[in-house]
Amino acid sequence: MMSRRWVASCISLLALFLVWGWALHLGEWMRREYPGIGVRIHDVPISADALNDAMQRVGEGDGVNGVTAWSRGGMTQITNGRIGAATEARIITVYGDMGAVCPMDLIHGGFTVNADAAGCVIDQKTAFALFRGTDVVGAKMEVFNNAYVVRGVVESKEPMVLIRDGAAEYTHLEITCDDVEYGAEAVRAFMYRHAPASNYAIVEHGFYGTLLASLTPLPGWLVGIAILFVLAREAWRRRTIPLQLLLLCATLFTLYHSFHWLLDFSITWPTRYLPTRWADFAFWPTLVRTEAAALNEASYLTPVPKDMQWTSAIRALVCSLVTAAVILSSFMRGAKQKNGFFPPPLLALACMAIACAALHAAGAGFTPPLGYMLAVPLWWAYTRLQKS
């Protein structure tokens, strides 16, 4: 019977560390890849000259730090005349930071600047198809009967070639702002004052991504709060015994400040989700309608890889956190039962190490926060408190 409990507990712990680690990985990835706001233009594209003029007139008080524009073309044949190789890839014309077009990892070389009309960046699959290798910085290729020099090679979801074109027009903007929470207002002001486009949709990648990523320490918070609750309950039961009450209150106070420091015991609630006065009863219905309208508008946009990957990451992050909370709650319920079993701390640490190794092997490496690293001793302490 004990061996079965060991196996079941270890499998549950391994699953917990895997899904929680995956959520932490997604949180770090979203903060890194989606720092700003996406603008999807519906009618008249914006030219490079209009963007240059807009960037020259942007002031420090506008709240806009940088603007990247891009247009996603169709699949086009690309050739390497030297060896007679050819392949198809998607042509993406970029103004600004090429790394903001979609999530990608730079493998060789670097991105080109706006003035480099002869340079291009290709993905590794296209590089291998044209040059039989991936380290091909400086190689030449032909697109639309124009010669380009490869400046960088990236790893991406689809075969693509990133180029510069001063005569191009752009249908997608990626804008970084001083304040991610209120960046949408700054972007609307920027589009009204400086960019000749009136029909567009805004996708707040950075705000919603950061909001969800901030919840990734949730399992650690749950255990810490549970420990504080158990101590507070014991202090209430011993309220007529001065010495025990004093010791329990001192322990509770010390642990709270320790958890606040170690686990970052703070939840940052966006101020845009707070009413300006307590009697503003119409605030919440209006907020729900506004958020629902924004999400509905984003759902009808023409799908592009950047938005699709963002949506997929949000779904995976929510599912991972819910799964971790469900597994953790089963452990916490089991700790209250006399026959509840929690594996020895060393075995639980081994499960954590295996989960981290598996995640890193799968390309989902992450920097474990203190809440993740302290999970085993916290849970072990909670089980001891429940059974004492």
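Bear in mind these aren't lab numbers, they're just calculated from the coordinates by the rules spelled out. This is a predicted model, so every value here is computed, not measured. A quick note on method: Cβ atoms are made from the backbone with ideal geometry, for glycine too, and the neighbour counts reach across all protein chains shown.
Quick check on the chain: take the gyration tensor over C-alpha atoms, sort the square-rooted eigenvalues as a ≥ b ≥ c, and tell me if it's rounded (a/c under 1.5), prolate or oblate.
Oblate.
For Asp179 and Thr311 in one chain, what is 0.36 nm times their gap in residues minus the Cα-Cα distance, to one decimal in nm?
Gain on stretching Asp179 to Thr311: 45.3 nm.
Specify the residue with the greatest mean-square fluctuation among Ile91, Ile241, Ile107, computed from a Gaussian network of the chain linking alpha-carbon atoms under 10 Å apart.
Maximum among the listed residues: Ile241.
Quick check on segment 154-291: take the gyration tensor over C-alpha atoms, sort the square-rooted eigenvalues as a ≥ b ≥ c, and tell me if it's rounded (a/c under 1.5), prolate or oblate.
prolate
Once the Cβ-Cβ distance between Ala357 and Val318 is put in as r, and R0 is 22 Å, what FRET efficiency do you end up with, to the nearest 0.05?
FRET efficiency, Ala357 to Val318: 0.30.
Is it possible to state the helix-based mean residue ellipticity at 222 nm for the chain, with each DSSP H run of 4+ residues giving -39500 (n - 2.57), the sum divided by total residues, to the nearest 500 deg cm²/dmol? What is it?
Theoretical 222 nm ellipticity from helices: -16500 deg cm²/dmol.
Per 0.36 nm of contour for each residue apart, how much would the distance between Thr251 and Phe283 grow if the chain were fully extended, relative to their Cα-Cα spacing?
Residue separation times 0.36 nm, minus the Cα-Cα distance, leaves 7.5 nm.
Kindly work out what percent of the DSSP beta bridges joining two residues of the chain are antiparallel, to the nearest 5.
Percentage antiparallel, nearest 5: 80.
Grab the Cα-Cα distance for Val113 and Phe144, subtract it from 0.36 nm times how many residues apart they are, and report the gain in nm with one decimal.
9.1 nm
If we count other beta carbons within 10 Å of each Cβ, what is the order of Tyr182, Tyr273, Tyr372, fewest first?
Taking fewest neighbouring Cβ atoms as first place, the list is Tyr273, Tyr182, Tyr372.
Of Ile327, Ile267, Ile354, how do they rank once you tally other Cβ atoms within 10 Å and put the fewest first?
Arranged by neighbour count, lowest to highest, Ile327, Ile267, Ile354 become Ile267, Ile354, Ile327.
Sequence gap at least 6, Cα distance under 8 Å: using those rules, report the relative contact order of the chain to the nearest whole percent.
In percent, rounded to a whole number, it is 26.
Decide, for segment 277-388, between rounded, prolate and oblate: order the square roots of the alpha carbon gyration tensor eigenvalues as a ≥ b ≥ c, take rounded if a/c falls under 1.5, and otherwise choose prolate if a/b is larger than b/c, else oblate.
It comes out oblate by the Cα gyration axes.
Round to the nearest 0.05 the FRET efficiency obtained for Trp6 and Ala232 when R0 = 41 Å and r is the Cβ-Cβ distance.
E(calc), rounded to 0.05, equals 0.80.
What ranking do Leu295, Leu26 get, fewest neighbouring Cβ atoms within 10 angstrom at the top?
So the residues, fewest neighbours to most, are Leu295, Leu26.
How far, in degrees from 0 to 90, does helix 183-193 lean away from the longest principal axis of the Cα atoms of the chain, to the nearest 10?
The answer is roughly 20 degrees.
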